[in-house]
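Student: Got a structure for you, questions after.
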Amino acid sequence: MNDTPDLPPGTPVEPAPATPVVPTGVTVVDHPLVQHKLTLMREHDTSTASFRRLLREISLLLAYEVTRTLPMTTTRIQTPLTEMDAPTIEGKKLALISILRAGNGLMDGILDLIPAARVGFVGLYRDPETLQPVQYYFKVPSSLEDRICIVVDPMLATGNSSAAALDLLKKAGARDIRFLCLLAAPEGIQRMQEAHPDVAIVTAAIDSHLDEHGYIVPGLGDAGDRMFGTK
Ligand code: URA
């Protein structure tokens, strides 16, 4: 991994993460397909097209996990042989909330699995002086209080913008929220759990730490830049 031509010689090699201690309330999806695809996404040389495709594929597998505990009911159906009470997902439509802009990369795949979900967007930027998240866009489905909200953002780094997004969603009525990311830093998990202990977190991996610029290490770089090909 460390012979990537663009990395300066002597760049330290981050060991494969040891099995992390997973805090209560956090699920790490350690399925081989998820871990393999995540490794490909981490690779410096993975192209924008491949990164986007992998993110879409991985989002399907993560969606499987984040929806595992959806409440179920039964409905009477007629098979070719008989009637039966068959399992179905109970209740109102889900709300998928993307934290702009990188959240959109996770959301597209999930919508393939749950096409009837309502969709919302939260846009936040960091004020350069106060370093606090500031809202620039907020559009969410109606009746959030009656919906299960799945909030998606690939990188849980400092946790400041994710925690602020959840503040806004709760102000708008959301009560039952799950948070789905691709990579989490311990600092981000701690921040989220302090601010929103009621929100379950699902992630593909918990990495080592944040660097001085707030990037997850070993991480995968800037998720938005890598999925949209910007710099
Ligand atoms: N956002 C990213 O895209 N990458 C990081 O490592 C941290 C925040």
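Student: Taking the Cα centre of each part, how many Å lie between segment 87-131 and segment 192-231?
Tutor: Taking the Cα centre of segment 192-231 as reference, the centre of segment 87-131 is 16 Å away.
Student: Could you give the angle, 0 to 90 degrees to the nearest 10, between helix 48-66's Cα long axis and the longest principal axis of the Cα atoms of the chain?
Tutor: Approximately 50 degrees, to the nearest 10.
Student: Search the structure for amide H atoms under 5 Å from the amide H of Leu124, placed 1.01 Å from N in the peptide plane, and list their residues when 5 or more places away or on another chain.
Tutor: Under 5 Å from the amide H of Leu124: Leu100, Tyr136.
Student: Build a GNM of the chain with springs between Cα atoms under 10 Å: which of Pro80, Pro218, Pro186 gets the top mean-square fluctuation?
Tutor: Greatest mean-square fluctuation among the candidates belongs to Pro80.
Student: Relative contact order for the chain: what percent, with Cα pairs under 8 Å and sequence separation of 6 or more?
Tutor: Working: 403 pairs, mean separation 47.3, N = 231.
Taking the mean separation of contacting Cα pairs over the length of the chain, I get 20 percent.
Student: Over segment 1-124, calculate the relative contact order: mean separation of alpha carbon pairs under 8 Å at least 6 apart, over the residue count, as a percent.
Tutor: 19
Student: Let me ask something else about it. Run lengths n ≥ 4 of DSSP H only: what is the helix-derived mean residue ellipticity at 222 nm for the chain, with -39500 (n - 2.57) per run over all residues, to the nearest 500? Numbers along the way, then the final one.
Tutor: Numbers: 6 runs with 69 residues, N = 231.
Roughly -9000 deg cm²/dmol at 222 nm, from the helical runs in the chain.
Student: Right, here's the next one. Under a point-charge model restricted to the Cβ atoms of Lys and Arg (+1) and Asp and Glu (-1), what is the dipole moment magnitude of segment 53-111 relative to its Cα centre, in debye to the nearest 20?
Tutor: Working: 7 positive and 6 negative charges, 57 e Å.
The calculation lands at about 280 debye.
Student: Any idea what the relative contact order of segment 54-134 is, in percent, if you count C-alpha pairs under 8 Å spaced at least 6 apart? Could the numbers behind the result be given before it?
Tutor: Numbers: 93 pairs, mean separation 23.3, N = 81.
The normalised contact order for segment 54-134 reaches 29 percent.
Student: Right, next: Where Lys and Arg each count +1 and Asp and Glu each count -1, what net charge lies around Val217 among other residues with Cβ under 12 Å from its Cβ? Don't skip to the end; give the middle numbers.
Tutor: Values: positive: Arg42; negative: Glu14, Glu187, Asp207, Asp211, Glu212.
Cβ neighbours under 12 Å give a net charge of -4.
Student: Name the most mobile residue of Met41, Met192, Met84, meaning the one with the largest mean-square fluctuation, in a Gaussian network model of the chain with Cα contacts below 10 Å.
Tutor: Met84
Student: Using Cα springs under 10 Å in a Gaussian network model of the chain, which residue among His213, His31, His196 shows the largest mean-square fluctuation?
Tutor: Of His213, His31, His196, the Gaussian network model singles out His213 as fluctuating most.
Student: Something else: If you line up the long axis of helix 32-42 against the longest principal axis of the chain, both from Cα atoms, how many degrees apart are they, to the nearest 10?
Tutor: Approximately 40 degrees, to the nearest 10.
Student: Same structure again: Which number comes out as Rg/Rh for segment 69-225 once both Rg and the Kirkwood Rh are worked out on C-alpha atoms? Intermediate results must be reported in sequence, preceding the final value.
Tutor: Details: Rg = 17.7 Å, Rh = 16.8 Å.
Ratio of gyration radius to Kirkwood radius: 1.05.
Student: While we're here: What FRET efficiency do you get for Phe228 and Gln135 if R0 is 25 Å and r is their Cβ-Cβ distance, rounded to the nearest 0.05?
Tutor: On the way: r = 21 Å, r/R0 = 0.86.
My answer for the efficiency is 0.70.
Student: Given a Förster radius of 25 Å and the C-beta distance between Glu212 and Thr24 as r, what FRET efficiency does 1/(1 + (r/R0)^6) yield to the nearest 0.05? Kindly include the intermediate steps, with their values, before the conclusion.
Tutor: On the way: r = 29 Å, r/R0 = 1.17.
Computed FRET efficiency for Glu212 and Thr24: 0.30.
Student: Next question, about the same structure. Cut-off under 19 Å on the C-alpha distance; same-chain residues fewer than 8 positions from Lys93 excluded. Which lysines are left, in chain and number order?
Tutor: By straight Cα distance, Lys93 reaches Lys139, Lys170.
Student: Cα axis of helix 186-195 to longest principal axis of the chain: angle in degrees, 0 to 90, nearest 10?
Tutor: 50
Student: Within segment 163-194, what residues put their amide N at less than 15 Å from the label point 7 Å along the Cα-to-Cβ vector of Asp146?
Tutor: 173-176
Every number in this text was worked out from the coordinates using simple rules, so none of it is lab data. Everything quoted here is computed from the prediction, not taken from an experiment. Neighbour counts are summed over all protein chains in view; Cβ atoms, including those assigned to glycine, are modelled from backbone coordinates with ideal geometry.
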